[in-house]
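Asks: Below you will find the structure I want to go over with you.
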Amino acid sequence: MMKRLCYIGIATKCSLSSGFTTQTKTTTHRLLFQTTRMMMATSNNNLVTIPDAITAHKQNSKHIKFIDGSWHMPVGDNPRNGRAEFISGPRIPGAFYYDIDDIAPVMGSDDNPKKLPHMKPSSKMFASAMDQMGILPSDTLFVYATNDCAFYHRAYWTLRSCGHDPALVKLVQGSLDEWKECGGELEEGQLGEEDERLFRMSDLGWEEKTPTYQVMSDNEDVVVVDMDQVLDIVNQKDTADAVIVDARSAGRFVGTAPEPRPGLRGGHMPGALNVPFTDLLDADDKTKFRPMDEVRDIFIKAGISPDASNRKVVCSCGSGVTAAALAIGLEECGLRNK
């Protein structure tokens with residue numbers, strides 16, 4: 001039996017205490033939810049090395065596609081921008097860029113009235129984006145990132161959770177520098193504005209078209225939790241059938257470090273556990289996970305039961321990006337399985 005990962009962006013009136021200042025106000029959460037329905041979990045082995053990815057790329061198969069999933073936190077005086085770096089290069093030849101901010105419900109639209117960034121796209125929007133990239137449901141997708149990018153896990157998670165066969169989506173472990181060192185081909189130079197890879201969903205007229213890409217299934221009712229479910233977990237405390245795991249830094253978790261975005265409160269949901277997503281990544285290369293036995297130990301020491309039948313897991317973060325790294329780590333280390 002399966003357990004599923006899911007994502008939801010929530011903006012609603014709520015009152016929380018212990019970690020948050022007790023008050024009623026509009027609070028925004030992005031959650032990844034993992035429902036466990038199996039007694040034992042095994043790793044999926046969807047992480048691939050650079051040499052293996054290069055071997056796949058050299059096959060020149062029309063059924064193997066490379067996707068740049070790079071994204072960076074838009075904070076600071078001169079933040080990196082994944083889309084801009086894809087345009088300027090270098091990039092893997094033939095790769096497309098998966099823009100989690102563009103392939104998402106428009107802020108202020110009926111699908112996103114709370115104006116939240118990079119929300120999970122509808123099945124139709126996702127399928128339309130797949131059509132634009134020439135991706136078929138039978139294609140194997142290799143998701144990679146530019147050097148020192150710690151946030152590409154969200155693109156990988158979105159591709160799998162929106163309906164592409166999870167077994168056919170791979171997460172490349174390693175940077176473009178390593179790709180080049182290992183003999184991988186790179187495409188240099190600036191892309192022109194007319195390049196088909198630089199599409200914007202708003203220019204496609206996808207709402208009025210019927211996509212040809214067929215998602216595996218529409219599990220929205222199964223894979224999405226709402227605020228009431230989250231509050232039930234918080235209010236039921238130790239008797240809840242799920243545990244919340246927060247991917248933010250320890251300082252943000254306890255409220256001693258400032259939030260990177262204005263207007264967000266520090267602290268955490270009562271009863272939540274803290275596993276900073278950076279703890280799961282290689283200290284010398286953020287495009288790689290640490291060895292999975294170490295990842296497993298980190299989760300267990302934080303309070304995640306090694307018994308997969310014990311409790312469901314809700315992975316939470318600040319804006320719906322870094323929680324994906326927790327969800328992937330839980331799968332790949334064998335503690336939870338999709």
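Asks: To the nearest µm²/s, what D does Stokes-Einstein give for region 70-143 at 25 °C and 0.890 mPa s, using the Kirkwood radius over alpha carbon pairs as Rh? Intermediate results must be reported in sequence, preceding the final value.
Replies: Working: Rh = 14.1 Å.
It diffuses with D of about 174 µm²/s by this estimate.
Asks: Still on this structure: Rg to Rh ratio, region 120-271, alpha-carbon atoms and Kirkwood radius? All intermediate terms of the calculation are to be shown ahead of the outcome.
Replies: Numbers: Rg = 19.8 Å, Rh = 19.2 Å.
So for region 120-271, dividing Rg by the Kirkwood Rh gives 1.03.
Asks: Here is a follow-up. May I ask for the percentage of alpha-carbon pairs in region 262-328 that lie more than 15 Å from each other? Show your work: numbers first, answer last.
Replies: Working: 1282 of 2211 pairs.
The answer is 58 percent, as a whole percent.
Asks: Across region 221-338, how large is the tail of the calculated P(r) beyond 26 Å, expressed as a percent of all Cα pairs?
Replies: Here the tail beyond 26 Å accounts for 17 percent of pairs.
Asks: Given the protein chains as shown and a 1.4 Å probe, how many square angstrom of residue 300 are accessible, to the nearest 10?
Replies: Taking all protein chains as shown, residue 300 has close to 60 Å².
Asks: Any idea of the accessible area per residue across region 120-175, 1.4 Å probe, to the nearest Å²? Working shown, then result.
Replies: Details: 1190 Å² over 56 residues.
That works out to 21 Å² per residue.
Asks: For region 89-203, what number results from the quotient of the Cα radius of gyration and 2.2 N^0.38 Å? Write down the numbers at each step before the final one.
Replies: Working: Rg = 15.0 Å, N = 115, 2.2 N^0.38 = 13.4 Å.
Relative to the rule-of-thumb radius for its length, region 89-203 sits at 1.12.
Asks: When all protein chains stay in place, what accessible area (Å², nearest 10, 1.4 Å probe) is found for residue 237?
Replies: We get 140 Å² for residue 237.
Asks: As a quick test, which of the pairs 58/288; 237/286; 120/301; 62/120; 65/209; 65/180 have an alpha carbon distance above 29 angstrom in this structure? Show your work: numbers first, answer last.
Replies: Working: 58/288 22 Å; 237/286 34 Å; 120/301 31 Å; 62/120 27 Å; 65/209 24 Å; 65/180 18 Å.
Pairs exceeding 29 Å: 237/286; 120/301.
Asks: Over region 114-246, with every protein chain in place, what whole percent of the accessible area is carbon and sulfur at 1.4 Å, could you tell me?
Replies: Working: 2820 of 6240 Å².
In region 114-246, the share of accessible area belonging to carbon and sulfur is 45 percent.
Asks: Scan around residue 97 for amide H atoms under 5 Å from its own, H built in the peptide plane at 1.01 Å from N, and keep only partners 5 or more places away or cross-chain.
Replies: 68
Asks: Just the accessible area per residue of region 292-338, please: how many Å² with a 1.4 Å probe?
Replies: Numbers: 1340 Å² over 47 residues.
For region 292-338, the per-residue accessible area is 28 Å².
Asks: Where the centroid of each part is defined by its Cα atoms, how far is region 220-298 from region 55-87 in Å?
Replies: Their Cα centres are 25 Å away from one another.
The values are calculated or read from the model by the stated rules, or taken from the named source; none is laboratory data. Only a predicted model underlies this, so the values are computations on that prediction, with no experimental measurement involved. Only protein heavy atoms, including side chains, enter the accessible area calculation; ligands, DNA and RNA are left aside. Shrake-Rupley method; radii C 1.70, N 1.55, O 1.52, S 1.80 Å.
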